[in-house]
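Q: The structure under discussion is supplied below as structure tokens; questions concerning it will follow.
The values are calculated or read from the model by the stated rules, or taken from the named source; none is laboratory data. Keep in mind the model is a prediction, meaning the values are calculated, not measured. Here the Cβ positions follow ideal geometry from the backbone for every residue, glycine too, while neighbour counts run over all protein chains shown.
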Amino acid sequence: MEIVAQTVASGVLLGLILALSAAGLTLIWGVMDIVNFAHGDFLMLGMYASFFAWAVLGLDPLLALPGVVAALGLFGVVVYLGVIRPVLRGSVLAQIFATFGLGILLRGVAQFVFTADYRQIGDTMATGSFAVGPVHLGLPQTIAALGALIVSGLLFALLDRTTVGTALRATAEDRSAAELMGIDTRRMFALAWAVGAGCVGAAAGLLAIYFPIFPDVGAVFGLLAFVTVALGGFGSVGGAMLAGVLIGVVTSVAGLIFDPAYKFTVAYLLYLVVLVIRPQGLLGRA
Amino acid sequence: MPRPGLPVIALVAAALVYPLVFGSPAAINVGVLILLFAALGTAWNLLGGYAGQISFGHAVFFGIGAYTSTVLLKEAGLSPWLGMLAGAALAALAAVLLGVPTFRLAGHYFAIATIVIGEIAHTVVRNLDAIGGARGLFLPILPTSLVNYQFHNSRLPYYGIAFGLYALALAATLMVERRRIGYYLRAIREDPTASRSVGVSVLQYKLAAAALSAALTAICGTFYAQYVLFIDSDSVFPLSLSILIALTAILGGAGRAYGPLLGAGVLVPLSEITRIAFGGTGRGADLVIYGALIVLISVAQPGGIAALGDALRRRLPQPA
């Protein structure tokens, strides 16, 4: 029983970070109908940013977090202006092609500049572990999950409580109606990329506290983010949060019950089963 | 029978001339890969281009083809040609079984479901020790002969077979284009609701396209196994292969019969040249150039290379 509680707890901790990264992906999708297939590679870049802030500047990953968020947000805008805006006039296929190419490019650049070596951030403020009843939680994992929860809360507040957030949601709801109301939807697109990529940056900076960093690290996390988003329902930030925690728990429990090699497979199967029953995802609009 | 058009004649001529001009084994290898990926892209195009179902999981069918013929050859001594047919049948069956639940999914949901199915298959095969698991399978080396589907002295026979694969996929596409199913598929892609309302059985036609596409892809998988003589889950089931197949068709212009050949003609030499010229660094410089070119092409020409041809044609004065 203890091991089950332990497994569920670590699943929730990972799930919260997954949820945050998926929220960034789903925001961009909801606002402008584009799936960023380079999403995992954005995460990888953010983790490297965090690593070099620590290795070169000696910054603790928690202190570097705002900088990493800002850097990724800026990167998101650059990608929007340089790659996404030109392909908006093309077909969906061109958009898919462009973001897949971008992912290959980013991974190649990372391998070229940083080499394929695994890197790990060493002594951070968050080390050690603590016990809640029978469950032992790693402090780095817990702090990262709490951080993800806080950033997700900020994202909700931004979308729900501010004028800009309302304009973003209006653009997602009905682009032409939003334009008629005087909303500059092009600026909203850029903003969605800034906020979406910023969320990925936050997830990356938090994950980097304890997770090894290498050029392909985005592959698995990127795929999990797609699954999380589709499971929660595209464009639904709340759905992404729910699905993120669910997938975190399912992967860890599956790793306990089955061969750990199959832990993601079980999450993928869950996703397929849910889609067959509810094609629009858990909280998506039909 | 309609007379073969100009593109077909030009194609056959180019395929015949290529090995005469570029005779080195490396160049023949590039030719084989161009034709193989042209065949794969053409097969993908039946489902992705004509029926509008964007699959990022076609490596599943490729892997089914490669593993079916290889396991039957190793375990039962069955000729790879018969194994190829078994693999094609199995892949078509898999496509129908996977298509029934997933074709209800819209747009990106479908694309992501195909990625997920591919990753599940990849993981299962890697961990299935009965068929080699992570170590993969070496094919038994047999004497050079067409019956054995193995040629050790020259790559030219493989080049010929690869051309045959492409011709088969192209012939299937041209037949689909001219028959009722081709019109139905395009109608379904443009507006599924309207198609259904005029009585087109949407699911049935999509399943037919998927089965044909999967069978052709599996045949290419058997070819790959016989060409390389070693298969493992990472070479025939990976997501990167699924993506390459889709990109070949998309780059050439999805939904155009000759598009995938154009796409393969650009992508394969590009990746081979960058790999040979820059891959030796072991640092992924080839990926940088490859990725950058994909982004550049899609930004400069969102409709694919074939659309570039259309744009040029529009600009030229039309013959009266």
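Q: With the requirement that a residue be at the interface with chain B (Cβ under 10 Å from one of its Cβ atoms), in a helix (DSSP H, G or I) and not polar (S, T, N, Q), what does the range A:226-265 give you?
A: A:F226, A:V227, A:V229, A:A230, A:L231, A:A261, A:Y262, A:K263, A:F264
Q: Now for a different question. Under 6 Å between Cβ atoms, which residue pairs at least 6 apart in sequence (or on different chains) link something in the range A:266-278 that is more than 7 Å from chain B (Cβ to nearest Cβ) with a partner that is surrounded by 18 or more Cβ atoms within 10 Å (Cβ to Cβ) and polar (S, T, N, Q)?
A: The qualifying pairs are A:A267/A:T251.
Q: Can you tell me how many residues in the range A:134-163 are over 21 Å from A:A203 (Cα atoms) and surrounded by 13 or more Cβ atoms within 10 Å (Cβ to Cβ)?
A: 2
Q: Looking at the range B:139-165, I want the residues that are within 19 Å of B:A76 (Cβ to Cβ) and have a partner that is surrounded by 12 or more Cβ atoms within 10 Å (Cβ to Cβ) and among the charged types (D, E, K, R) with Cβ atoms under 8 Å, at least 6 apart or on another chain. Which pairs are those?
A: These pairs meet every condition: B:L139/B:K74; B:P140/B:K74.
Q: Inspect the range A:51-64 for any residue being hydrophobic (A, V, I, L, M, F, W, C) and within 12 Å of chain B (Cβ to nearest Cβ) and give the result as yes or no. Outline the logic, then answer.
A: Looking only at the range A:51-64, we keep the residues that are hydrophobic (A, V, I, L, M, F, W, C), and these are A:51-57, A:59, A:62-64.
Those left that are additionally within 12 Å of chain B (Cβ to nearest Cβ): none.
Within the range A:51-64, none of the residues are hydrophobic (A, V, I, L, M, F, W, C) and within 12 Å of chain B (Cβ to nearest Cβ).
Q: Right, next: Restricting the search to the range B:92-106, which residues are within 7 Å of another protein chain (Cβ to nearest Cβ) and touching a helix residue (DSSP H, G or I) at 6+ places or on another chain (Cβ under 7 Å)?
A: Within the range B:92-106, B:P101, B:L105 meet the criteria.
Q: If you go through the range A:75-91, how many residues are at the interface with another protein chain (Cβ under 7 Å from one of its Cβ atoms) and part of a helix (DSSP H, G or I)? Before the answer, list the steps.
A: Going residue by residue through the range A:75-91, those that are at the interface with another protein chain (Cβ under 7 Å from one of its Cβ atoms) are A:83, A:86-87, A:89-91.
The next check asks that each one be part of a helix (DSSP H, G or I); those that pass are A:83, A:86-87.
Final tally of qualifying residues: 3.
Q: On to the next question. Sort out for me the helices (runs of 4 or more DSSP H) sitting completely within the range B:1-105 that have 1 or more residues that are surrounded by fewer than 19 Cβ atoms within 10 Å (Cβ to Cβ) and among the hydroxyl-bearing types (S, T, Y). Let's see the steps before the verdict.
A: Details: elements: B:6-21, B:25-45, B:59-76, B:80-102.
Qualifying helices (runs of 4 or more DSSP H): B:6-21.
Q: On to the next question. Being of a type in the set (G, A, S), at the interface with chain A (Cβ under 7 Å from one of its Cβ atoms) and either crowded, with 20+ Cβ neighbours inside 10 Å or in contact with a helix residue (DSSP H, G or I) (Cβ under 7 Å, 6 or more places away or on another chain) (or both) is true for just one of B:A113, B:A121. Which residue is that? Break it down into steps so the answer makes sense when it comes.
A: Values: B:A121 fails: at the interface with chain A (Cβ under 7 Å from one of its Cβ atoms).
So the residue among B:A113, B:A121 that is of a type in the set (G, A, S), at the interface with chain A (Cβ under 7 Å from one of its Cβ atoms) and either crowded, with 20+ Cβ neighbours inside 10 Å or in contact with a helix residue (DSSP H, G or I) (Cβ under 7 Å, 6 or more places away or on another chain) (or both) is B:A113.
Q: On the given criteria, is B:T222 touching a helix residue (DSSP H, G or I) at 6+ places or on another chain (Cβ under 7 Å), modelled with pLDDT under 95, over 30 Å from A:L102 (Cα atoms) and among the polar types (S, T, N, Q)?
A: Working: touching a helix residue (DSSP H, G or I) at 6+ places or on another chain (Cβ under 7 Å): yes; modelled with pLDDT under 95: no; over 30 Å from A:L102 (Cα atoms): yes; among the polar types (S, T, N, Q): yes.
Spelling it out, it is not the case that B:T222 is touching a helix residue (DSSP H, G or I) at 6+ places or on another chain (Cβ under 7 Å), modelled with pLDDT under 95, over 30 Å from A:L102 (Cα atoms) and among the polar types (S, T, N, Q).
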